[in-house]
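Every number here is computed from the coordinates shown, using simple stated rules; none is lab data. These numbers come from a predicted model, not from an experiment. Here the Cβ positions follow ideal geometry from the backbone for every residue, glycine too, while neighbour counts run over all protein chains shown.
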Amino acid sequence: MLFGSVLYVSGTFKTALAVEFGSINLVVGDIAITVEYADTFSRRAQGLMYRDTLCQQCGMFFKFDQEKYAAMWMKNTSIPLDVAYIDKQGRITDILALKPHDLTARGASRPVRYALEMNQGWFAKHGVAVGDTVQINVESNEAGATPD
């Protein structure tokens with residue numbers, strides 16, 4: 001049986017499946033947030049699976065190895081999420097609603113370098129829309145990787 005627990009220990013997010021996530025500071029529109037950082041294949045593959053809850057300001061930032069027509073699905077994910085796809089200039093290209101456990105891939109409308117998953121409705125609640133920018137604070141990146 002898999003448990004969806006998450007712990008924040010010394011600047012690192014840890015899941016019950018032993019995949020560790022660093023954190024990264026972002027400014028989305030004009031809102032500063034710190035979210036989990038999925039910058040490797042294993043972290044991107046794990047994503048927010050096996051979790052039952054996600055705090056109001058929590059989320060996950062995905063960095064892809066290269067620009068691509070990225071797509072997300074909700075396998076083993078119980079939390080309703082929104083995904084914002086972000087191009088290499090930091091501009092939001094799409095914001096899509098994702099339904100729990102839906103295996104339908106929801107993709108970006110053009111090549112992107114990043115994605116940000118937040119609780120469903122977070123972007124609308126904070127007035128964040130397609131065309132807005134996401135600033136990545138490289139110095140705060142505890143995983144040590146650069147955004148490009």
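Counted residue by residue at 0.36 nm each, then reduced by the alpha carbon distance between them, the extension gain from ASP65 to VAL130 reaches 21.1 nm. Taken along the Cα-to-beta-carbon direction at a fixed 7 Å, the label points for ARG91 and SER42 span 3.7 nm.
Over all orientations, segment 26-85 has a Cα convex hull whose mean projected area works out to 4.5 square nanometres. Label positions at GLN56 and ALA32, each projected 7 Å from the Cα along the C-beta direction, are separated by 1.8 nm. By the rule of a C-alpha distance below 19 Å, with chain neighbours fewer than 8 residues away ignored, the lysines paired with LYS99 are LYS75, LYS125.
Please list, or write none, the lysines whose alpha carbon is within less than 20 Å of the alpha carbon of LYS88, excluding same-chain residues fewer than 8 places away. LYS88 reaches LYS63, LYS68.
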